[in-house]
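Novice: Got a structure for you, questions after.
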Amino acid sequence: MTEVLVLSQTDKQQAPVLSEQTPTVTAEVIAEQVKNAYEQQSPLKIIGCGSKAFYGRSISGVELTVSGYSGIINYEPSELVITARTGTPLREIEQLLAEHGQMLGFEPPEFSDNATLGGTIACGISGPRRPYTGAVRDFVLGATIINGKGEILKFGGQVMKNVAGYDVSRLMTGALGTLGVLLEISLKVIPKPAFEETRILPYNHQQMCTLLSTLGRQPIPISATYLHNNLLYVRFSGAKAGVVSAAENIGGDVLRQAELFWHQLKEQRLPYFNQDRTLWRVSLPPSAPCIPDLLVDTESITEWGGAQRWVYPKDTDALQQWASDNGGHASGFRNRCGASNSKANSSDANGSTFSPLSPALLTLSKRIKNSFDPHNILNPGRLYKDL
Amino acid sequence: MNSNIAASIRTKRLASLIPMLSMLIPEDAILSEPEQLKAYECDAFTTMRQIPLLTVLPDTIEQVQHIMRCCHALDIPVVARGAGTGLTAGSMPVENGVLLGMSKFNKIHDINLHNRTAWIDPGVRNQAVSDAAAPYNLYFAPDPSSQLACSVGGNVAENAGGVHCLKYGLTVHNILELDVITIEGERITIGGQALDAAGYDLMAVMTGSEGLLGIIVGIRVKLLAKPASARVLLAAFATIEDAGNTIAEIIGAGIIPAGLEMIDQKGIQAIEALMHAGYPVDAAAVIICELDGSVEEVEDELTSVITILNRLNASDIQISTNEAESKRIWAARKAAFPALACLAPDNYVMDGTIPRRALAQVWTRINQLADEYQLLVVNVFHAGDGNMHPSILFDSSDEDQHKRANDLGTRILELCVHVGGTISGEHGIGLEKINEMCLQFTGAEISQFHALKNAFDDKSLLNPGKQIPTLARCTEFHAMHIHNGEMPFPHLERF
């Protein structure tokens, strides 16, 4: 655990220096490795700790391990900002924030004990709180990166509002390392809610939609929803009085050990997720209809007020088409046992299958990739075959 | 440019462009008379002006595509303009370029109650979105001071903020999808109706790109439920330190106010003279704090904030008990700029953002600099998110004062960068702050910005010369920007 010094308000003259956990590798050394790869046009495979190695397409390349570049650089609770090197374990950051009554608003999954900040940002996966407080990208304030030429570049900053130049830091979020090696990230943090309560209601998909549509137009502090086998879980977070009154209004049973439940959901440790086939994620407008039984197994999990659905498809191509027709997209998310996706692109059998981009978007995305990584050496092919 | 050369380019461009445009654009949507063009020569940063080659006012997406194809084929620059309320000359025309006015795109097409979104044209006024959503108890959160007049397309181009963005985010947090026309005239959808889209986060890149990457022709905005309760507090302080510490303590206590503003003594006096809102004119600073949410939540937080105010020696605490009182406190704050207009003919509003911990230090230093440059500076501050709006008051008819105001502006922005902040929190760069970009970014970073721009617009025809300076310009700026023979902050990286 890192030793932390939190400066008082009187120490205004100095930048608050935090944990000086010395990284085992310097930014310059990593940049040098990237520069060599650039000169030799030799692809790199960027690795934090490998907790989300399943996410994205399988690629080969010389491994560039960045987990040694770790340590929290700056944290002052009253600024609502934390800056850390990307090799810092996510857990260390979350513990430090919790000690000061704060948290990461996007409730990121770890998927393993040693998940790093860098992997969290590069994958851009958000947890149950996402529709109500924001996604990973909504909290990214600044990023120091190495581009594909080995140059160390800094974008954004440590302030809430910053419109100087293009928003490159948010662009890095979810780019799976294909646009830059992430070195340091500044994140906005938020106060931990004073109180939480989860209620369970015997609702089906349609009843959920009706309820959430009505509640969504009222100032009710919902912070997560989950629907599975006709049981709807609704979590409320905020000041105790507000939460209690909202929970009483909605009725239903109180969920005991709710914190454990939501944790298991975000970490995909509920039994539903542990099946020998490829789990798909469908991202949709919240009010999109139920996915037809022809396309997916009847049993599914719906989160985010309807906007995120976890399914086991019967026909992946048809599912992707249906998602697209309904204003969203579907991706093969995780394959626990190496089972092949019968109808998905066979080259992606051991990795994710992201929803295809329109030809115009793919062309533009390739040009953007080229502007950061002209020799195509940063995780080439991890996001899409050509990116 | 030499005026003879400029005139000859103008003649040639008009001769080739007008017939091409006319194939799809009605005659009355192409403005070419000098008196018509005069209305488009500047945005709200009125000290920079340029007459465009033509102003084109399309009213369909196909027309926009056609204009882009014509300009791309003929290598003619295009500058998009919403309502023209920008503060940085971002939509000032470029010489011999087309000014693309988006004001006819002014429809709200659809409000989706289940998804809480609206699909709107880029020329729709910010306030009009919230007005249209109000019957459903919904609103659009970004609320820049110009919200009565500014367009949402402009909000996207500048990533506009406002007084409520600490809690509710900037424009980038409140939009889901953009319909964009590229410089080649191709139509692309960025983002989508879902909460995320496949591929790179191009919503992030487009938002705040100041018209340099594409033309926005449709926007899906998020709508939020209106809070059940909102209370506004005003409190006075004898020292800036107490006011600054109060802000840190409120946020440290786990409270995120909907709005948190701070005004210095000169600002208080100017506002009080105009508005008679009961602001305490002897105070060194006042803060305005708005708490919103459920009734229970607001009452809880109000109690905590009052405890903090009392502990930190606040006086003259006023608490609104109804909407009219809240409006009265805010109206005075929102009148800050008209109030300053009574003090001097011109007001150069800065937009630097700093980490809050540096507030007292920066505030003191700004006052020293104001004395040094013999100009009056009034500080109005979005204290919650660190966005400073020092206003430099001057008379632009006095050349020396005008120059001193510009130089002082640069020094203030340099100070913001020095303490770990940024030169612009919400107004954007445009042309107004283009030199100061060289203070914040290295040559390699600026080159990366250019490379990214090139991915969207390889002929550099979209709003050229704005937002991202050339490396040559930075070299020149650094050479000129030397005080008493010394570079300011010599440890900062230079070219």
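The values are calculated or read from the model by the stated rules, or taken from the named source; none is laboratory data. All of these numbers come straight from a predicted model, not from anything done at the bench. Methodologically, a virtual Cβ is constructed for each residue, glycine included, from the backbone with ideal geometry; neighbour enumeration extends over all protein chains shown. In case anyone asks, the SASA skips ligands and DNA or RNA and just uses the protein heavy atoms, side chains included. Shrake-Rupley method; radii C 1.70, N 1.55, O 1.52, S 1.80 Å.
Novice: From (1) within 12 Å of another protein chain (Cβ to nearest Cβ); (2) in contact (Cβ under 8 Å) with a residue 12 or more places away in the chain; (3) among the acidic types (Asp, Glu), pick out the condition that doesn't hold for residue A:197.
Specialist: All conditions are met except number (1).
Novice: Check residue B:362 against each of (1) surrounded by fewer than 20 Cβ atoms within 10 Å (Cβ to Cβ); (2) part of a helix (DSSP H, G or I); (3) more than 9 Å from chain A (Cβ to nearest Cβ) and name the one condition it does not meet.
Specialist: The number of the failed condition is (1).
Novice: Within the set of pairs 6+ apart or on separate chains, which have a first residue in segment B:415-429 that is on the phi > 0 side of the Ramachandran plot, a second that is among the hydrophobic types (A, V, I, L, M, F, W, C), and C-beta atoms under 6 Å apart?
Specialist: B:428/A:163
Novice: Continuing with the same structure: Looking only at segment B:85-108, decide whether some residue is among the charged types (D, E, K, R), surrounded by fewer than 18 Cβ atoms within 10 Å (Cβ to Cβ) and more than 30 Å from residue B:345 (Cβ to Cβ).
Specialist: Within segment B:85-108 (the criterion being among the charged types (D, E, K, R), surrounded by fewer than 18 Cβ atoms within 10 Å (Cβ to Cβ) and more than 30 Å from residue B:345 (Cβ to Cβ)), the answer is yes, since at least one residue qualifies.
Novice: May I pose another question? For residue A:237, indicate whether it is of a type in the set (Gly, Ala, Ser), farther than 13 Å from residue A:302 by Cα and open to solvent by less than 50 Å² (accessible area, probe 1.4 Å).
Specialist: yes
Novice: Right, next: Would you be able to tell me the number of residues in segment A:114-137 that are in contact with a helix residue (DSSP H, G or I) (Cβ under 9 Å, 6 or more places away or on another chain) and free of Cβ contacts under 8 Å to residues at least 40 places away in the same chain?
Specialist: Matching residues across segment A:114-137 total 5.
Novice: Residues in segment A:108-116: is at least one at pLDDT 95 or above, more than 30 Å from residue B:256 (Cα to Cα), in contact with a strand residue (DSSP E or B) (Cβ under 6 Å, 6 or more places away or on another chain) and open to solvent by 10 Å² or more (accessible area, probe 1.4 Å)?
Specialist: No, that holds for no residue.
Novice: Could you tell me which of the residues B:357, B:328, B:333 is assigned to a helix (DSSP H, G or I), in the same structural domain as residue B:405 (by TED's automatic domain parsing) and among the charged types (D, E, K, R)?
Specialist: Going through B:357, B:328, B:333 in turn, just one is assigned to a helix (DSSP H, G or I), in the same structural domain as residue B:405 (by TED's automatic domain parsing) and among the charged types (D, E, K, R): B:357.
Novice: Which residue out of A:230, A:249 is open to solvent by 20 Å² or more (accessible area, probe 1.4 Å), among the polar types (S, T, N, Q), within 30 Å of residue B:257 (Cα to Cα) and more than 10 Å from every other protein chain (Cβ to nearest Cβ)?
Specialist: On the way: A:230 fails: within 30 Å of residue B:257 (Cα to Cα).
Just one listed residue meets the conditions, A:249.
Novice: In segment B:200-216, what count of residues is obtained for those that are in a loop (DSSP other than H, G, I, E, B), more than 15 Å from residue A:165 (Cα to Cα) and either open to solvent by less than 10 Å² (accessible area, probe 1.4 Å) or more than 8 Å from chain A (Cβ to nearest Cβ) (or both)?
Specialist: Of the residues in that region, 1 qualify.
Novice: Another question, then. Give the number of residues within segment B:35-63 that are among the hydrophobic types (A, V, I, L, M, F, W, C), out of contact with any Lys or Arg (no Cβ under 9 Å at 6 or more places or on another chain) and modelled with pLDDT of 95 or more.
Specialist: The qualifying residues number 3.
Novice: On to the next question. Answer yes or no as to whether residue A:207 is over 21 Å from the mean Cα position of the chain (by Cα), open to solvent by 60 Å² or more (accessible area, probe 1.4 Å) and within 9 Å of chain B (Cβ to nearest Cβ).
Specialist: When the stated conditions are applied, residue A:207 does not pass them.
Novice: Something else: Among the residues of segment B:234-259 satisfying the criterion of being among the small types (Gly, Ala, Ser) and not in a loop (DSSP other than H, G, I, E, B), which is farthest from residue B:310 (Cα to Cα)?
Specialist: B:259
Novice: Any residue at all in segment B:405-420 that's among the hydroxyl-bearing types (Ser, Thr, Tyr), over 21 Å from the mean Cα position of the chain (by Cα) and not assigned by TED's automatic domain parsing to the domain that holds residue B:333?
Specialist: Scanning segment B:405-420 turns up no residue that is among the hydroxyl-bearing types (Ser, Thr, Tyr), over 21 Å from the mean Cα position of the chain (by Cα) and not assigned by TED's automatic domain parsing to the domain that holds residue B:333.
Residue by residue, here is whether (1) within 11 Å of chain B (Cβ to nearest Cβ); (2) touching a Cys at 6+ places or on another chain (Cβ under 6 Å); (3) in contact (Cβ under 8 Å) with a residue 60 or more places away in the chain holds:
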| position | (1), (2), (3) |
| --- | --- |
| A:280 | no, no, no |
| A:283 | yes, no, no |
| A:292 | no, no, no |
| A:304 | yes, no, yes |
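Novice: Quick check on this structure: which one of B:81, B:10 is under 15 Å from residue B:211 (Cβ atoms) and open to solvent by 20 Å² or more (accessible area, probe 1.4 Å)?
Specialist: Exactly one of B:81, B:10 is under 15 Å from residue B:211 (Cβ atoms) and open to solvent by 20 Å² or more (accessible area, probe 1.4 Å), namely B:81.
Novice: While we're on this one: For segment B:217-240, indicate whether the set of residues that are open to solvent by less than 10 Å² (accessible area, probe 1.4 Å) and in contact with a Cys (Cβ under 6 Å, 6 or more places away or on another chain) is non-empty.
Specialist: yes
Novice: Among the strands (runs of 3 or more DSSP E) lying completely within segment B:74-189, list those that include at least 1 residues that are free of Cβ contacts under 8 Å to residues at least 60 places away in the same chain and closer than 24 Å to residue A:283 by Cβ. First the steps, then the outcome.
Specialist: Values: elements: B:78-81, B:98-101, B:108-112, B:117-120, B:175-181.
By residue number, B:108-112, B:175-181.
Novice: Another question about this same structure. Restricting attention to segment A:32-58, which residues are open to solvent by less than 60 Å² (accessible area, probe 1.4 Å) and over 27 Å from the mean Cα position of the chain (by Cα)?
Specialist: Hits for segment A:32-58 are A:37, A:38, A:42.
Novice: Among strands (runs of 3 or more DSSP E) lying entirely in segment A:216-318, which contain 2 or more residues that are in contact with an Asp or Glu (Cβ under 6 Å, 6 or more places away or on another chain)?
Specialist: Qualifying strands (runs of 3 or more DSSP E): A:231-238.
Novice: Just one of (1) open to solvent by 40 Å² or more (accessible area, probe 1.4 Å); (2) farther than 30 Å from residue A:223 by Cβ; (3) assigned to a loop (DSSP other than H, G, I, E, B) trips up residue A:63, so point out which.
Specialist: For residue A:63, the failing item is (3).
Novice: Only one of (1) at the interface with chain A (Cβ under 7 Å from one of its Cβ atoms); (2) open to solvent by less than 10 Å² (accessible area, probe 1.4 Å); (3) over 20 Å from residue B:466 (Cβ atoms) is not met by residue B:161, so which one is it?
Specialist: (3)
Novice: Can you go through A:161, A:188, A:149 and tell me which one is more than 25 Å from residue A:366 (Cβ to Cβ), more than 8 Å from chain B (Cβ to nearest Cβ) and over 11 Å from the mean Cα position of the chain (by Cα)? Talk me through it step by step, then tell me what you get.
Specialist: Numbers: A:161 fails: more than 8 Å from chain B (Cβ to nearest Cβ); A:149 fails: more than 25 Å from residue A:366 (Cβ to Cβ).
None of the others qualify; the one that does is A:188.
Novice: Can you tell me which of B:288, B:271 is more than 14 Å from chain A (Cβ to nearest Cβ), farther than 24 Å from residue B:175 by Cα and part of a helix (DSSP H, G or I)?
Specialist: B:271
Novice: Show the residue pairs that are 6+ apart or on different chains and have beta-carbon atoms under 7 Å apart, the first residue being within segment B:231-255 and without any contact (Cβ under 8 Å) to a residue 24 or more places away in the chain, the second being hydroxyl-bearing (Ser, Thr, Tyr) and open to solvent by less than 30 Å² (accessible area, probe 1.4 Å).
Specialist: B:252/A:78
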